[in-house]
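I have placed the structure first, in the form of structure tokens, so that the comments after it can refer back to it.
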Amino acid sequence: MKGLAFYSSVSIGRYVDADSMLHRLPPAVKYAWLTAVIITETMSSSLWVLSASALLSLLFIRLAKLRCAYIFRDFFNIMPFLAVAAFFQVLITWPGDTSFVIVSLWKFSLTARESLYIGLMVLRFAAIMAAVGVFTAVTSEGDSARGLEDLLSPLAKLGCNVRALALTVALAFRFIPIIAWELETIVKAQASRGADFGTGSKNPIRRIAAWFPLFVPVTIRALERAELLAEAMETRLYGSGPATRYTETPHTSCAAALIVAAFLYTLLCTTLPLWSAYMFNL
Amino acid sequence: MKSNVRRIAVSGALGAVSVVMALTPLGYIPWFGGAALTIMHIPVIAAAILEGPVAGTLVGLIFGVTSMIKAAVAPVGPLDPLFANPLVSVLPRLFIALAAWGIYALFRGKLQAAAAACAGAIGSFVNTVLVLSALALTASKQLSGAFKVDSAGGLVQVLAGLAVTNGLIEAAAAAVFTSALISAWRGIEKAHGRSRLADDDK
């Protein structure tokens, strides 16, 4: 359980109060582009699409007037984990890998396909991290729930309680740093009392039992926080009458155009293999 | 009118717990031979038991989307890229809560610790079986390559073996953890007292 300390320094999930072009956009537009970057980065395996989305994330950082160092501060902390993932890529031979071998050491070899895969993995990770980081930096808590509600509003006609759904997802986002911090506190407290978390023990029951003093308190503390939150919301009479909104989202044609653009970008990128096949056949 | 404030708050918090479990070593118990037992689905089961199937399904959705993004962004094994498919990583996870809640409801509030243990075991086993079936349906070709079997029957055998060995141990672990968690929480809840408005609704 080493290397837990960095989860408290995660800048993802923190709102940076500033005035920039991105801050002023309606939250639905921010969601649309966040989804566009995440979908293209996860679904596509084309180098062009991945680089385009990564450049897009960099552009967002500039437009939000954030410093790259701020967004990528956590990236260096996560590097060891990426290194471990890369190491596994080298260790495991992919079925049907026939590309040429770059370096070979004893039984293990780094092939061109594996090194490309590692590069793409780092690129994907950095791009998604930047996109999520910028999104949380320019969207306040209230806005992120409001934006989700706007995006899901068509579902309300089917009888879904969209407002509650949006609030739940927004709450989960905001709870992540808190829960990570709780976990870190508990791990350190247990370790300082000499807990070894069952590593090295050969007894299967002991291995599972060693996880109890971590899992149960972390979840109980999360539930306690949920209880406090529910009480705070009830004292403010949440859900006891018709819902009102503090801010109404203005519907502008510019925002609509930006959402359509995000949708088209996603569609174009995910169907790129079809397009290029068509072009080459021509 | 039944207040849903508590449902919202608890699903939000447990959703965050499942994300943290996926991102830190908390979600995996190191097991023998380099394998790991996952306990990431327990927040989903806990939400289903405490706040009903809707809250559980919401947490299941959060859990599924997290595992999809994680598999796509940083795969650690040859099987991981297959989880980038939402049919494998998201859809099966939506049924964990329904199964767990159904089993828990069968006990009608009696024998809470035993009810929670059964719900945990069934919820966990439903997760294993559905995920493996989804894998077999969507990616039989890649799986056959990875496990070095050449017939569809052989693949089903390998997956069934995985479901029985890994799945049963995970179900047992889930039963113990869910039971401990629910008992601890109900004990605290009794001493602490619930918030007033929610009690009036019942």
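Numerical summary
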| quantity | calculated |
| --- | --- |
| Tally, over the range A:94-127, of residues that are within 30 Å of A:PRO26 (Cα to Cα) and modelled with pLDDT of 80 or more | 4 |
| Flag for B:VAL76 being assigned to a helix (DSSP H, G or I) and either within 22 Å of B:TYR28 (Cα to Cα) or at pLDDT below 85 (or both) | no |
| Unique residue being closer than 24 Å to B:ASN4 by Cα, touching a Cys at 6+ places or on another chain (Cβ under 9 Å), assigned to a helix (DSSP H, G or I) and within 13 Å of chain B (Cβ to nearest Cβ) when the list is A:LEU152, A:LEU171 | A:LEU152 |
| Those residues of the range A:2-46 which are crowded, with 17+ Cβ neighbours inside 10 Å, modelled with pLDDT under 80 and touching a Phe, Trp or Tyr at 6+ places or on another chain (Cβ under 6 Å), in sequence order | none |
| Any chance B:ALA191 is outside any loop (DSSP other than H, G, I, E, B), surrounded by fewer than 16 Cβ atoms within 10 Å (Cβ to Cβ) and modelled with pLDDT of 80 or more | no |
| In the range B:6-30, residue farthest from A:PHE173 (Cα to Cα) [restricted to those that are facing chain A (nearest Cβ under 7 Å) and modelled with pLDDT under 85] | B:PRO30 |
| Condition met for A:SER51 (modelled with pLDDT of 75 or more, among the small types (Gly, Ala, Ser) and surrounded by 15 or more Cβ atoms within 10 Å (Cβ to Cβ)) | no |
| Number of positions in the range A:148-162 that are over 19 Å from A:ALA36 (Cα atoms) and touching a Phe, Trp or Tyr at 6+ places or on another chain (Cβ under 9 Å) | 0 |
| Number of the condition not met by A:GLN190 [criteria: (1) more than 7 Å from chain B (Cβ to nearest Cβ); (2) closer than 21 Å to B:VAL59 by Cα] | (2) |
| Members of the range B:41-67 that are free of Cβ contacts under 8 Å to residues at least 60 places away in the same chain, in contact with a Ser or Thr (Cβ under 9 Å, 6 or more places away or on another chain) and among the aliphatic types (A, V, I, L, M) | B:ALA47, B:VAL54, B:ALA55, B:LEU58, B:VAL59, B:ILE62, B:VAL65 |
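Yes or no, residue by residue, for (1) at pLDDT 70 or above; (2) more than 20 Å from B:GLY56 (Cβ to Cβ); (3) in contact with a Ser or Thr (Cβ under 8 Å, 6 or more places away or on another chain):
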{"site": "B:ALA119", "(1), (2), (3)": "yes, no, yes"}
{"site": "B:SER124", "(1), (2), (3)": "yes, no, no"}
{"site": "B:LEU137", "(1), (2), (3)": "yes, yes, no"}
{"site": "B:ILE169", "(1), (2), (3)": "yes, yes, no"}
{"site": "B:ALA175", "(1), (2), (3)": "yes, no, yes"}
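The values are calculated or read from the model by the stated rules, or taken from the named source; none is laboratory data. These numbers come from a predicted model, not from an experiment. As a convention, Cβ positions derive from the backbone with ideal geometry for all residues, glycine included, and neighbour counts pool all protein chains shown.
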